[in-house]
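Chemist: The structure is given below, and queries will be raised subsequently.
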């Protein structure tokens, strides 16, 4: 079985981004295309599953064509096909899965199913060529907030996760309450940079081990908005809110690293693009003399390159088991 010079065509449609990429040997991105549906979902204040699925269906062929054109590769240059299989919006996932299955069958190629969260971990391999497991990773996005132990390229262990809202989810809910457009993360960064980050005080839930609960922070923020009204200083509110979320994430992550004696720390997922989170975690790691890894901004959100990267290691692991 072939293990080198593998060109993997990967598809990612777990939420509202139609993404296709071609990745060579898990680390080299030959082409990556993403069609964003943000403009479509802004008027609804969030992702509408059926609209997202319909958009995937309308755009996946064109995005695939664009990916091939920018890579200068032909159909016969593809050796494997990969697709996000879980977790995500079922109707959106099915569009990518069906398209990938059809492509694989038409070319008589093997199809590698990839877990979306493992894909976010793999985004780190693309951006950090020398990074190898084991390491500790904080995966934080609009749908997920987890601290995972990356034992090897195919096995991750969840050490802690949110019991209610994800970090990115409360960003969107707070900005929606303030009348700002979806998605909320970018707006929060722009406004919070002009505020005082300790002006308002926020609770920090204390749960067992490394789990998170963001519902208290969310409720406290919404109550401040409702109660203060015209007296509310939005810049200070969002600066204080953002800092409380970032401090909470880093507190649990550093606790897990200390308890398990990890000195190699990483962050991934859409919220890893948050400027304060990236900078604060980097400072924390420098202070403790830990190695710190983060994805390039273009690979922090949903993309197919990370799926192609993870598929490579899943394929190698499968071959190893067969041998």
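Readers should treat all values here as calculations from the given coordinates under stated rules, not as data from a laboratory. Worth saying up front: this structure is predicted, and the values here are computed from it rather than measured. Please note: Cβ atoms are built from the backbone with ideal geometry, for glycine as well, and neighbour counts cover all protein chains shown.
Chemist: Give the relative contact order (percent, whole number) for region 133-295; include only Cα pairs under 8 Å separated by 6+ residues. Intermediate results must be reported in sequence, preceding the final value.
Modeler: On the way: 285 pairs, mean separation 42.9, N = 163.
The normalised contact order for region 133-295 reaches 26 percent.
Chemist: Can you give the extra length, in nm with one decimal, that the chain gains between residue 106 and residue 36 once fully stretched, where that is 0.36 nm per residue apart less the Cα-Cα distance?
Modeler: 22.5 nm
Chemist: Also: Can you give me the P(r) profile for region 105-220? Cα pairs, bins 10 angstrom wide beginning at 0, each as a whole percent.
Modeler: 11, 32, 30, 20, 5, 2, 0
Chemist: Give me the number: length gained by fully extending residue 163 to residue 43, i.e. 0.36 nm times residue separation minus the C-alpha to C-alpha distance, one decimal in nm.
Modeler: Working: separation 120, 0.36 × 120 = 43.20 nm, distance 2.85 nm.
Full extension from residue 163 to residue 43 adds 40.4 nm.
Chemist: Calculate how steeply helix 116-127 sits against the longest principal axis of the alpha-carbon atoms of the chain, using the helix alpha-carbon long axis, and give the answer as 0 to 90 degrees to the nearest 10.
Modeler: 80 degrees
Chemist: Determine, for each peptide in 142-151, 246-255, the mean count of other beta carbons within 10 angstrom over its residues, then list the peptides with the highest first. The partial results should precede the final answer.
Modeler: Working: 142-151: 21.8, 246-255: 19.4.
By packing density, highest mean first, the sequence is 142-151, 246-255.
Chemist: Can you give me the P(r) profile for region 218-315? Cα pairs, bins 10 angstrom wide beginning at 0, each as a whole percent.
Modeler: 13, 33, 30, 18, 5, 1
Chemist: Give me Rg over Rh for region 133-295, both radii from the alpha carbons and Rh done the Kirkwood way, two decimal places.
Modeler: Numbers: Rg = 15.7 Å, Rh = 16.1 Å.
Ratio value, two decimals: 0.98.
Chemist: Here's another thing I want to ask about it. Output the relative contact order of region 70-168, whole-number percent, from Cα pairs under 8 angstrom with separation of 6+ residues.
Modeler: After rounding, I find 19 percent.
Chemist: With an 8 Å cut-off on Cα pairs and a minimum separation of 6 or more residues, tell me the relative contact order of the chain in percent.
Modeler: Numbers: 666 pairs, mean separation 74.9, N = 323.
The value is 23 percent.
Chemist: Add -39500 (n - 2.57) for each DSSP H run of 4 or more in the chain, then divide by its residues: what number comes out at 222 nm, to the nearest 500 deg cm²/dmol? Mind dumping the intermediate values first?
Modeler: Details: 10 runs with 150 residues, N = 323.
Per the formula, -15000 deg cm²/dmol.
Chemist: For the chain, find the longest principal axis of its Cα atoms and tell me its angle to the long axis of helix 49-71, 0 to 90°, nearest 10.
Modeler: That works out to roughly 50 degrees.
Chemist: Over the Cα atoms of the chain, each weighted equally, I'd like the Debye log10 I(q)/I(0) at q = 0.10 Å⁻¹, rounded to two decimals.
Modeler: -0.58
Chemist: Treating the angle as unsigned and between 0 and 90°, give the value, to the nearest 10°, between the Cα long axis of helix 90-107 and the longest Cα principal axis of the chain.
Modeler: 20 degrees
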